[in-house]
1. How do the strands (runs of 3 or more DSSP E) wholly within region 45-133 filter down when requiring 2 or more residues that are closer than 30 Å to T171 by Cβ, more than 25 Å from the chain's Cα centre (by Cα) and touching a residue at least 60 places away in the same chain (Cβ under 8 Å): which remain?
2. Looking at V115, is it crowded, with 18+ Cβ neighbours inside 10 Å and touching a Ser or Thr at 6+ places or on another chain (Cβ under 8 Å)?
3. Considering S86, S75, which residue is under 28 Å from L50 (Cα atoms), surrounded by fewer than 16 Cβ atoms within 10 Å (Cβ to Cβ) and at pLDDT 95 or above?
4. Here are the criteria: (1) outside any loop (DSSP other than H, G, I, E, B); (2) farther than 30 Å from V232 by Cα; (3) without any contact (Cβ under 8 Å) to a residue 60 or more places away in the chain. Tell me which single one V298 does not satisfy.
5. Mind listing just one residue for me: the one in region 301-347 that is among the β-branched types (V, I, T) and in a loop (DSSP other than H, G, I, E, B) and, of those, farthest from N399 (Cα to Cα)?
6. Just to be sure I understand, how many residues within region 24-63 are of a type outside the set (F, W, Y), more than 15 Å from L408 (Cα to Cα) and out of contact with any Pro (no Cβ under 6 Å at 6 or more places or on another chain)?
7. Can you find a residue that is assigned to a helix (DSSP H, G or I) and modelled with pLDDT under 95 anywhere in region 222-243?
8. Can you say whether H356 is surrounded by 13 or more Cβ atoms within 10 Å (Cβ to Cβ) and modelled with pLDDT of 75 or more, as far as the supplied structure shows?
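The values are calculated or read from the model by the stated rules, or taken from the named source; none is laboratory data. Note that the coordinates shown come from a computational prediction; the quantities given were computed from them, not determined experimentally. No Cβ is skipped: glycine too gets one built from the backbone with ideal geometry, and neighbour counts run over all protein chains shown.
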Amino acid sequence: MITIQNEPRPMKLGINGLGRIGKLSLWTHVGNRNFSEIVINIGREVGQGLEDLALAIEKDSTYGRLGTYLYGFRSDNVIENLNEASGTMTIDGVPVKILRDSRDPKGIDWAGNDVRLVVDTTGVFRDPTEPGDAPRGSLRGHLEAGAEKVVLSAPFKIKDKAADMPEDAVTTVMGINEDDYVPEKHCLVSAASCTTTCLSFMVKPILDHFGADRILSASMVTVHAATGSQQVLDRLPKSGATDLRKNRSIFNNIILTSTGAAKALSLVIPEMKSIGFIAESVRVPTSTGSLIVLVLTVQDESLQKPINRNIINDIYRQAAEGPMKKYLIYSEKQHVSSDIIGTPAAACLIEGEETHTRTAVIHIDPRSACKALEESNEIICDSIQVPVTQMVVYGWYDNELGSYTNMLAERVTSIADSMI
């Protein structure tokens with residue numbers, strides 16, 4: 001999905017955090033030769049030193065070895081030239097520097113390391129309204145520390161419900177609304193979430209075809225792989241905790257949780273604000289590979305020729321072959337979650353085999369539909385009959401490397417190109 005550079009961009013990339021998305025972002029940018037150097041802040045010591053950190057970078061329980069990811073089973077060691085004193089190494093020839101002094105963004109030495117663009121993958125600093133000198137750290141702290149642009153690998157989350165989104169902050173998904181990012185205006189950019197990214201490519205083709213006025217309702221459930229915030233084994237909840245399920249073992253349970261995908265979706269597809277939308281999430285004991293089940297109810301035009309699964313599948317097929325070719329895959333093959341791991345390098349894979357539709361007539365009482373008619377005694381029928389079609393669409397996504405990290409990397413590199 002990302003064009004491999006013949007020569008790296010003549011600038012450094014900063015990555016704050018080396019969790020799941022931070023580590024896989026490093027893999028992606030190294031593999032694609034996107035930047036001349038990568039500076040990673042972890043803000044603490046790891047194990048017995050740099051060798052232990054290099055080992056954590058090189059091996060992954062879900063995706064295997066970094067060398068195999070880059071070159072296949074014939075690969076050799078790709079991490080070399082470790083220097084404990086300077087905190088440096090080379091990964092497949094790309095210089096990488098590790099910063100271990102500060103976990104507070106404002107204390108990270110981005111300026112001293114000539115880093116202008118930072119990706120924050122910690123998931124801790126998500127409020128774009130907090131000042132750079134907030135006592136517990138903030139996203140704007142990166143700007144205080146010398147960065148010019150900050151990309152957040154999560155949706156913004158404003159703690160003060162009365163506060164508006166700052167003018168210099170924007171949420172985008174590549175292939176959907178990437179042009180909403182204005183280089184001269186925005187310095188904080190959210191790349192939304194893995195679920196919102198997949199969902200947007202499921203919703204947009206349908207919305208473009210039928211129009212927002214014909215979509216009567218929408219809902220989704222993501223059957224989502226485990227994340228780092230969940231517990232391996234049961235443990236006591238923290239003081240004041242309200243959701244006790246988060247402390248139950250993800251090894252042994254299907255866990256109901258929440259998702260902010262509906263709210264984030266309206267930021268990248270504003271037309272969704274006029275449609276009642278419900279989004280739910282269920283966590284399951286897999287390491288990655290997730291599924292969205294999207295249900296849409298559309299006002300149909302005819303009972304004689306109703307909307308059917310072939311029409312819906314054609315909409316996605318045409319989108320995948322046309323304007324969304326880089327990001328959307330349409331397939332009529334049968335998949336399970338492990339098939340999605342690491343591939344495809346796209347936002348979403350539609351499993352057309354499982355698309356379903358059902359058309360029926362709903363009866364509406366004019367009195368409840370229009371109070372003005374009742375008051376004027378102008379009702380001329382007892383019931384209004386409206387044909388509606390409910391559709392169910394399934395979309396797969398690798399919530400770590402294959403889908404989200406690739407999409408995040410393209411957002412980062414496009415911003416970098418605007419800064420050169």
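1. Fully inside region 45-133 and qualifying: 94-99.
2. no
3. Being under 28 Å from L50 (Cα atoms), surrounded by fewer than 16 Cβ atoms within 10 Å (Cβ to Cβ) and at pLDDT 95 or above holds for just one of S86, S75, which is S86.
4. The one condition V298 does not meet is (3).
5. Ranking the qualifying residues of region 301-347, first place goes to I307.
6. 25
7. For region 222-243, residues assigned to a helix (DSSP H, G or I) and modelled with pLDDT under 95: absent.
8. yes
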